[in-house]
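Everything on this sheet refers to the single structure shown next.
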Amino acid sequence: MKKIFYLLTVAVVWAAVQTMATASTTASATEEGEVRAKATVENMNLNGYVGSRVGNNIRKWALTALQNNPNIIEQIKYAGQSPRLDRTLWDVNNVSSEHDYTGAVVIWYGEFIGKLLTGMVMAYEVEPSEELKSTIVEIVDELQFVQKEDGYLGIYVGYSRFAQRDNWDVWSQYHIIYGLYRWYKLTGDEKAFAVGRKCLDKIVSFFQEKGDFSVGGGFEMNSAISHISALFYQETGEARYLDFASMIVDIDWDKHGGKWLANSLAGRDYYQSSLPRWESMHTLSTLGNLYEITGKEDYLNGMRQIWTSILHTDIHNDGGFTTNEAACGNPYKPGVIETCCTVSWMAYSAEVLQMTLDSRVADELERSYFNAMLGSLNADDIHVTYNTPQDGYKTGGFDGRRVPSQQDISFQYNSGSPDFNCCQANALRGMNELSDWAVLQKDNDVFINYYGPSAPETVLRSGQKVSFREETEYPRDGKIKITVEGLASPEKFNLKLRIPVWSEGTEVSINGIAVSGNIAGGQYLSLDKDEWAAGDVVEISLNMQPRFMTGDREMAEFTSVFVGPILLVLDKNTTGLSRTDVVLDANSFAGAKIADETADGGWISLTVKDKNGGDVKLIDFASAGKYDAGTPGDYYSWLNIIDAVDNIKHPLFPPSSSQPTLPCFLQDSWAP
């Protein structure tokens, strides 16, 4: 494609392409009106393949997670009763508590309940139910019960508190406070807000009295607290929260951290930072809040530059982020693609989308969600992987295939929380993070970003409820029918449709009348209508023609292929073939029909020809490498394809003089 795929723009770009519709690529955050687009979904009503898997994960995992793993709460309650917890590393011996649990208490153990709570809140936005609500309320009650008198919600005692030794104590409490805050914003639960505020107040006062945000280790993790502190300022208007967030970002990022903002404004790539791990995505999200609060352009420009840099240099073909848990400037490098890393990338991308309204950010969220995130969920719809690699096959270190995280990172096992590790704790958030980007509103505009069988419900600025029922087999098919439902009376608003950058020749109609003119990809199509009423129908036809991404570096001899947002793979369980067994003919992809694989437990497939004319079935990335009866399968997303012409704008590399000084490796030993 000749379109610019990855560069974010600063200003609003309007193209008057027709009488009924206009297109925009970004919205300036300095325009009059709201600065940030709001995620306002109240129920996604997901159906089809995605709805089934997400719903199963909520019912089979979320609703029983606390009951089956009580120590994720009890470890906070009994903090200090075991002297072994006053340590710099995890305890791999017996751990004392009321129930004499055995196993490890890793330095990030305190995050588990917070990550679970955050995921539950997002799940409630996607698929609300009384069962889920009661489970969330139970967690809030439990957190209030175990909270120390001074507000502390961690697992440490003495000088180890607040990461004054090498631990992730503040990071863990950030996740707890964030989950409580999200539940308060969604439901108005004052108890949740009070518990979170009491915890945050203790952290803020500790570091403000200290004079800076210096920790014994894990700065990129622990500095995430800046994000929730900025949110609390926006909620309460209390200056101490803003002062704390600003101190971390404006001073301590340079003093103790990775100089992320300064580096980005100087044009350096994210991987060139001294701290290029994935956990920084959470403190980096503070940039959007600080721009909302202050209007300082450097915050927004830095936020965009960091996102763009990561996309260019460290997002793999499946939308996964990092190699071996850190950015390294090479998205083709084989290695571990951790589930937590992809979840953090999606979280940061959702923040960037809300701040910029660049539809291409939503394209990337879709790619990450449909491939890397759904691909991390094992076939039981309960467990997730630690590693969801580009190509899955047995390696000498980690298994190298999509085994449950409980196998790859079994060192995190604790008998009081047998299901939990960093990635399993993050699973629910990853599966339901679309609540932050599926439908957005800003001023009088409604942005539709998620396509798939669903009926997202939201509330307009006027207070009227509306839903957008999507009848489609997307991404198996590019035809999407959106029906406006639930409006009690007609209302004026601007409906903006995401037109993916990869769709050329997109067609759109309103109530059977075609939208005229060229509908460009990589932009929002703004449908100008005097009023919208219940029963109005918008129909979209996207171009799902297969596209090729030729590889580079370690993958220089191979090619990846996409249909729409879906990465296709050669799955050994499906075909019995390995990558070395087959060479595909690029010419056979044209006109090949996308098939439905849901009857066999998959999603989609495409049957093409090898160079000798034989049929070869490729399947979607999410369904590949199934963990069946304890045996994971091999799969390959980088394929041997002859006559393939690259028609995807894929990651660009900086000049050779800017090659990374740090290799892709586990920069800290074992981290979620």
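The values are calculated or read from the model by the stated rules, or taken from the named source; none is laboratory data. Quantities reported herein were computed from a predicted structural model and do not represent experimental measurements. No Cβ is skipped: glycine too gets one built from the backbone with ideal geometry, and neighbour counts run over all protein chains shown. Just the protein is used for accessible areas: all its heavy atoms, side chains included, with ligands, DNA and RNA removed. Shrake-Rupley method; radii C 1.70, N 1.55, O 1.52, S 1.80 Å.
Return the total of residues in segment 106-129 being open to solvent by 10 Å² or more (accessible area, probe 1.4 Å), under 18 Å from Ile409 (Cα atoms) and either part of a helix (DSSP H, G or I) or not hydrophobic (A, V, I, L, M, F, W, C) (or both).
In the first step, residues of segment 106-129 are kept if they are open to solvent by 10 Å² or more (accessible area, probe 1.4 Å); the result is 107, 124-125, 127-129.
Those still in the list that are under 18 Å from Ile409 (Cα atoms) too: 107.
Now drop any that are not either part of a helix (DSSP H, G or I) or not hydrophobic (A, V, I, L, M, F, W, C) (or both), which leaves none.
Total meeting the criteria: 0.
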Do we have any residue at all in segment 588-608 that's farther than 30 Å from Lys442 by Cα, open to solvent by less than 10 Å² (accessible area, probe 1.4 Å), in contact (Cβ under 8 Å) with a residue 60 or more places away in the chain and in contact with a Ser or Thr (Cβ under 9 Å, 6 or more places away or on another chain)? yes
Starting from segment 446-473, keep only residues that are closer than 20 Å to Asn543 by Cβ, then list their pairs with residues that are at pLDDT 95 or above and of a type in the set (Phe, Trp, Tyr) whose Cβ atoms are within a distance under 7 Å, requiring at least 6 positions of separation or different chains. Ile448/Phe468; Asn449/Trp437; Tyr451/Tyr474; Gly452/Tyr474; Glu470/Tyr451; Thr472/Tyr451
Residues Ala224, Ala192: which one is more than 18 Å from Asn426 (Cβ to Cβ) and either in contact with a Leu (Cβ under 7 Å, 6 or more places away or on another chain) or crowded, with 24+ Cβ neighbours inside 10 Å (or both)? Ala192
Among what's in segment 542-567 and is over 26 Å from the mean Cα position of the chain (by Cα) and either hydrophobic (A, V, I, L, M, F, W, C) or closer than 17 Å to Leu495 by Cβ (or both), pick the residue that is least open to solvent (accessible area, probe 1.4 Å). Phe558
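May I ask you to verify whether Phe207 is more than 28 Å from the chain's Cα centre (by Cα), surrounded by 14 or more Cβ atoms within 10 Å (Cβ to Cβ) and aromatic (Phe, Trp, Tyr)? Before the answer, list the steps.
On the way: more than 28 Å from the chain's Cα centre (by Cα): yes; surrounded by 14 or more Cβ atoms within 10 Å (Cβ to Cβ): yes; aromatic (Phe, Trp, Tyr): yes.
Criteria met by Phe207.
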Matching residues, segment 268-305, being free of Cβ contacts under 8 Å to residues at least 24 places away in the same chain and at positive phi: none
Ile248 versus (1) assigned to a helix (DSSP H, G or I); (2) in contact (Cβ under 8 Å) with a residue 40 or more places away in the chain: which is the lone unmet condition? (2)
Among Ser415, Ser435, Ser462, which is the only one that is more than 23 Å from the chain's Cα centre (by Cα) and within 30 Å of Gln67 (Cβ to Cβ)? Ser415
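More than 16 Å from Tyr635 (Cβ to Cβ) and surrounded by fewer than 24 Cβ atoms within 10 Å (Cβ to Cβ) - does that describe any residue in segment 384-395? Let's see the steps before the verdict.
To start, the set of residues in segment 384-395 that are more than 16 Å from Tyr635 (Cβ to Cβ) comprises 384, 386.
Now drop any that are not surrounded by fewer than 24 Cβ atoms within 10 Å (Cβ to Cβ), which leaves none.
There is no residue in segment 384-395 that is more than 16 Å from Tyr635 (Cβ to Cβ) and surrounded by fewer than 24 Cβ atoms within 10 Å (Cβ to Cβ).
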If you go through segment 231-239 one residue at a time, do you hit one that is in contact with a helix residue (DSSP H, G or I) (Cβ under 6 Å, 6 or more places away or on another chain), under 25 Å from Pro128 (Cβ atoms) and of a type in the set (Asp, Glu)? no
If Ala379 passes every condition in (1) more than 20 Å from Leu117 (Cα to Cα); (2) aliphatic (A, V, I, L, M); (3) open to solvent by less than 10 Å² (accessible area, probe 1.4 Å) but one, which one does it miss? (3)
Number of the condition not met by Val582 [criteria: (1) free of Cβ contacts under 8 Å to residues at least 60 places away in the same chain; (2) within 29 Å of Leu357 (Cβ to Cβ); (3) buried (at least 16 other Cβ atoms within 10 Å of the Cβ)]: (2)
Looking at Gly400 and the list (1) surrounded by fewer than 20 Cβ atoms within 10 Å (Cβ to Cβ); (2) not in a helix (DSSP H, G or I), which single condition is not satisfied? (1)
Could you list, in sequence order, the residues of segment 306-329 that are open to solvent by 10 Å² or more (accessible area, probe 1.4 Å) and either touching a Lys or Arg at 6+ places or on another chain (Cβ under 7 Å) or at positive phi (or both)? Asn324
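Going by what's in this entry, would Ser435 be described as in a loop (DSSP other than H, G, I, E, B), in contact (Cβ under 8 Å) with a residue 12 or more places away in the chain and of a type in the set (Ser, Thr, Tyr)? If you could, list the steps in order and put the result at the bottom.
Numbers: in a loop (DSSP other than H, G, I, E, B): no; in contact (Cβ under 8 Å) with a residue 12 or more places away in the chain: yes; of a type in the set (Ser, Thr, Tyr): yes.
So Ser435 fails the test.
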Which number in (1) farther than 21 Å from Ser368 by Cβ; (2) surrounded by fewer than 20 Cβ atoms within 10 Å (Cβ to Cβ) marks the one condition that Leu570 misses? (2)
Considering only residues that are in a loop (DSSP other than H, G, I, E, B) and open to solvent by 10 Å² or more (accessible area, probe 1.4 Å), which ones fall in segment 438-449? Asp443, Asn444
When segment 498-527 is examined, which residues are found to be of a type in the set (Gly, Ala, Ser), surrounded by 15 or more Cβ atoms within 10 Å (Cβ to Cβ) and closer than 10 Å to Asn543 by Cβ? Ser503, Gly521
For the subset of segment 218-245 comprising residues that are part of a loop (DSSP other than H, G, I, E, B) and in contact (Cβ under 8 Å) with a residue 12 or more places away in the chain, which member is nearest to the chain's Cα centre (by Cα)? Ala224
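When the residues of segment 29-82 are narrowed to those that are acidic (Asp, Glu) and part of a loop (DSSP other than H, G, I, E, B), which ends up modelled with the highest pLDDT?
Among residues in segment 29-82 that are acidic (Asp, Glu) and part of a loop (DSSP other than H, G, I, E, B), the one modelled with the highest pLDDT is Glu42.
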From (1) free of Cβ contacts under 8 Å to residues at least 12 places away in the same chain; (2) in contact with a Lys or Arg (Cβ under 7 Å, 6 or more places away or on another chain), pick out the condition that doesn't hold for Thr631. (2)
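Within segment 138-164, how many residues turn out to be more than 29 Å from the chain's Cα centre (by Cα) and assigned to a helix (DSSP H, G or I)? Steps first, answer last, please.
Residues of segment 138-164 more than 29 Å from the chain's Cα centre (by Cα): 145-151, 156-161, 164.
Those left that are additionally assigned to a helix (DSSP H, G or I): 145-146, 158-161.
Final tally of qualifying residues: 6.
Just one of Ser467, Ser503 is assigned to a loop (DSSP other than H, G, I, E, B) and of a type in the set (S, T, N, Q); which is it? Before you say what the answer is, go through the steps one by one.
Details: Ser467 fails: assigned to a loop (DSSP other than H, G, I, E, B).
Answer to the check: Ser503.
Each row is one residue, and each column tells you yes or no for (1) touching a Pro at 6+ places or on another chain (Cβ under 8 Å); (2) crowded, with 20+ Cβ neighbours inside 10 Å; (3) part of a loop (DSSP other than H, G, I, E, B).
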position	(1), (2), (3)
Gly257	no, yes, yes
Arg268	no, no, yes
Tyr271	yes, yes, no
Tyr291	no, yes, no
Gly335	yes, yes, yes
Where a residue in segment 171-192 is closer than 15 Å to Glu125 by Cα and its partner, wherever it lies, is not in a helix (DSSP H, G or I), with Cβ under 6 Å and at least six apart: Trp183/Asp189
